[in-house]
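Report on the following structure.
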Amino acid sequence: MSMRKWLFATIVICVWISGCAKEREVKQQSLQGSGFMKTNTNGDMQPDHINQQTAEQAAARIKAREDIKDAVAVNTSKKLLVAYQIKHMHRFYRKQIEKEIDRQLMHLFPNYQIVSSSDLKIFWKTKELRGKIGNKDWNEKKTDQQIEKIRQLSEERT
Amino acid sequence: MANEKRKRLTSTQQEYHLFEKERETKRPVAKNCVRAFLVGGLICAVGQAISYFYMYFFDFTEQTVGNPTVATMVFLSMIFTGLGVYDRIAQFAGAGSAVPVTGFGNAVISAAIEHRTEGFVLGVGANMFKLAGSVILFGTFAAFVVALVKTVATKWGGL
Amino acid sequence: MLKGHRTWVFENKPAILSTATVGGPFEANGRIADDFDLLHEDLWLGEQSYEKAHKVLLEEAMFKAMEKAGIAKEKVQLIIAGDLINQMTPTNFAARTIGAPYLGVFGACSTSMEGLALSAFIVNHGGADYILTGAASHNAAVEKQFRYPTEYGGQKPPTAQWTVTGAGVALISTYGDGPRVTSATIGRVVDMGLSDPFNMGGAMAPAAVDTIEAHLRDMQIDASYYDLIVTGDLGKIGREISLDLLRQHGMNIEEERYQDCGLIIYREGQPVLSGASGAGCSAVVAYGHLLNRMKRGELKRILVVATGALLSPLSFQQNETIPCIAHAVAIEHGGDGP
């Protein structure tokens, strides 16, 4: 009788968890990029009406660091949003790395308002935003708004 | 005082203690450690999976995903405790299931279930924190002490 | 009559007219399930709380015992029984249902034999004609009171024991046939300074040894006089320790003739760690399985030594050690009877 309860509970949990595997359909809800979970990006989205050169530069500089796994960035004429993933073992020094990168970015791009984050969600969102920039009907104002939203999200504490 | 009394056992009693120690089944400490490690790790892996779930499908960042994750883990612990399965996992895993937040949930929930028969106010309400009360009290107190130490250290030590 | 230091010999040989045993789901899956009169599927017994279910266990056993002997409850002159719950409320309420004069006794897990010894003495000396005696325990109710909530995930060490959900009751009388109670030795409190409530067997073994030795010495007999000496709930560890202690004290006891109720009642596969315990343990095994064996002629003389640990959850928290006690009662069959 107790074995059955145990078995039942295990089956319920397995079924429940497998429900999360339906990535295709459920993805609608928030994040739409393709090749999204892969951490290697080769920047094949070429936005044509907003110059992303600054962003490319920033991302390349950050990615070049030894302790960074991956980085992605988006910019408008005034704002620069940089998101990166710290290598696992270096996460111990997260605070220190964040400070360094912030300083580095402010030094490199003094004319931009910098938003930088090592958070995984912010990374995903930045990637998504980058994808959107290539679309029609997308302009700088929308990018600006999105960056603002992402900045607010990155500052949430609880 | 009673502790001193225990040390002043008569020689017959001390002899018996040794006699008894030789014959009692010892806890299999090594085996228990391995089991605790595996089950504790598994529970944490489940927690991580739940975190990713919330980050992927909802607007939670790494900073904020802790709340719904813990809530979900405690909810799961409630299901398992209610189904009568958690104590079996615990007999196998020991600390592996008692240390994560699911163990805390189990302590509160099992006490609540048990005292349902005495009514909600005097039974459930009064007895729910029978086991977890110490955790809450000393956890809060320890946090206070540590925060105090940190404040003093930063103000004066420049750390 | 008092023989030796603390043994009563019953010249009138009170008879155990009938017995009844009731068990729960674990016991139904156990080794001696066939010796139970009534078995239940779950721990609630259709009641609102575990303590109420505990009362029902004892009530059912008492009614069954009276039914088997054909005695109406008005004829019962005394009830001597007890259990482990605070203030013995389940037994109190069961006695309320029966309505007979009532003496509640507390001997922790040795209650069954404490009750039997007193009943035999009173019947022997004409204090009553019919006495109902017994003991009961309920796993969930006892765990709730002594240890942790039943669903709590605390890991029990291999020395821990499983409380029996069951009640065993016997009807003792001056008249009639049946196995006879011939003598009883009252135990004294023995405390060897052990304090682990998860290792009762180790704490109770010295008390059992003390009582067995006193009995054999007072009666001036050898252990071989009995076909079986059975302890109440020493469990695997307590039994081993007590055997070694007895041998150390020069008592020659064969292993097959020395058993433990806590090891008889459950099968190998059941998760009971080192054995069964509880006031109901010695009661259901003695009044069910062992007396059935006696009635079948397999055993002629047995000595039942019920052991009890006289601690409370509070005493443990206050750093007290565990005082233990054991009461022994000798039952014989095949002397005058069939």
- Qualifying residues in segment B:83-139 (those that are under 26 Å from B:C33 (Cα atoms) and among the aromatic types (F, W, Y)) - the one farthest from the other protein chains (Cβ to nearest Cβ): B:F138
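Do we find that C:G288 is closer than 26 Å to C:P149 by Cβ, surrounded by 16 or more Cβ atoms within 10 Å (Cβ to Cβ) and within 12 Å of the chain's Cα centre (by Cα) in this structure?
Values: closer than 26 Å to C:P149 by Cβ: no; surrounded by 16 or more Cβ atoms within 10 Å (Cβ to Cβ): yes; within 12 Å of the chain's Cα centre (by Cα): yes.
When the stated conditions are applied, C:G288 does not pass them.
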- Note on the structure: Within segment C:67-93, restricting to residues that are in a strand (DSSP E or B) and closer than 18 Å to C:S110 by Cα, the one that is farthest from the chain's Cα centre (by Cα) is C:I79
- Give me a count of the residues in segment A:101-126 that are more than 13 Å from chain B (Cβ to nearest Cβ), assigned to a helix (DSSP H, G or I) and under 19 Å from the mean Cα position of the chain (by Cα). 3
- (1) part of a helix (DSSP H, G or I); (2) touching an Asp or Glu at 6+ places or on another chain (Cβ under 6 Å) all hold for B:E62 apart from (1)
- Message: Can you find a residue that is free of Cβ contacts under 8 Å to residues at least 12 places away in the same chain, in a helix (DSSP H, G or I) and farther than 25 Å from C:Q155 by Cβ anywhere in segment B:70-89?
- Response: yes
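So if I check each of C:K3, C:K68, C:K64, which one is away from chain B (no Cβ under 14 Å), closer than 16 Å to C:G168 by Cβ, surrounded by fewer than 17 Cβ atoms within 10 Å (Cβ to Cβ) and touching a strand residue (DSSP E or B) at 6+ places or on another chain (Cβ under 6 Å)? So that I can check it myself, show each step before the final result.
Details: C:K3 fails: closer than 16 Å to C:G168 by Cβ; C:K64 fails: surrounded by fewer than 17 Cβ atoms within 10 Å (Cβ to Cβ).
Residue meeting the stated conditions: C:K68.
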- Would segment B:102-119 turn up any residue that is out of contact with any strand residue (DSSP E or B) (no Cβ under 9 Å at 6 or more places or on another chain), assigned by TED's automatic domain parsing to the domain that holds B:F37 and exposed (fewer than 13 other Cβ atoms within 10 Å of the Cβ)? yes
- Message: For segment B:16-26, check the following and say yes or no: at least one residue is out of contact with any helix residue (DSSP H, G or I) (no Cβ under 7 Å at 6 or more places or on another chain), of a type outside the set (G, A, S) and over 30 Å from C:D191 (Cα atoms).
- Response: no
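Which residues, taken from segment B:93-104, are assigned to a helix (DSSP H, G or I), under 8 Å from the mean Cα position of the chain (by Cα) and not β-branched (V, I, T)? Walk me through it before giving the result.
Filtering segment B:93-104 for residues assigned to a helix (DSSP H, G or I) gives B:93, B:95-98, B:101-104.
Narrowing the set further to residues that are under 8 Å from the mean Cα position of the chain (by Cα) leaves B:95, B:97-98, B:101-104.
Correct list: B:A95, B:S97, B:A98, B:G103, B:F104.
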- Query: In segment A:117-150, what count of residues is obtained for those that are over 16 Å from A:Q52 (Cα atoms) and either surrounded by 17 or more Cβ atoms within 10 Å (Cβ to Cβ) or of a type in the set (F, W, Y) (or both)?
  - Reply: 10
- Query: If a residue has to be assigned to a loop (DSSP other than H, G, I, E, B), touching a residue at least 40 places away in the same chain (Cβ under 8 Å) and within 14 Å of another protein chain (Cβ to nearest Cβ) to count, how many in segment C:295-321 make the cut?
  - Reply: 4
- Could you list, in sequence order, all residues of segment C:244-254 that are within 9 Å of chain B (Cβ to nearest Cβ) and at pLDDT below 90? none
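The rows are residues; the columns are (1) of a type in the set (D, E, K, R); (2) away from chain B (no Cβ under 12 Å).
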| residue | (1), (2) |
| --- | --- |
| C:L228 | no, yes |
| C:S242 | no, no |
| C:Y266 | no, yes |
| C:S282 | no, yes |
| C:R293 | yes, yes |
| C:A328 | no, yes |
- Given the conditions (1) surrounded by fewer than 23 Cβ atoms within 10 Å (Cβ to Cβ); (2) in a loop (DSSP other than H, G, I, E, B); (3) within 12 Å of another protein chain (Cβ to nearest Cβ), every one holds for C:M192 apart from (1)
- Query: Got a sec? Which of C:G201, C:G238, C:G262 is within 14 Å of another protein chain (Cβ to nearest Cβ) and either over 21 Å from C:S312 (Cα atoms) or in contact with a Leu (Cβ under 8 Å, 6 or more places away or on another chain) (or both)?
  - Reply: C:G201
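The values are calculated or read from the model by the stated rules, or taken from the named source; none is laboratory data. For clarity, every value in this text was computed on a predicted model and none was experimentally measured. Every residue, glycine among them, receives a Cβ derived from its backbone with ideal geometry; neighbour counts consider all protein chains shown.
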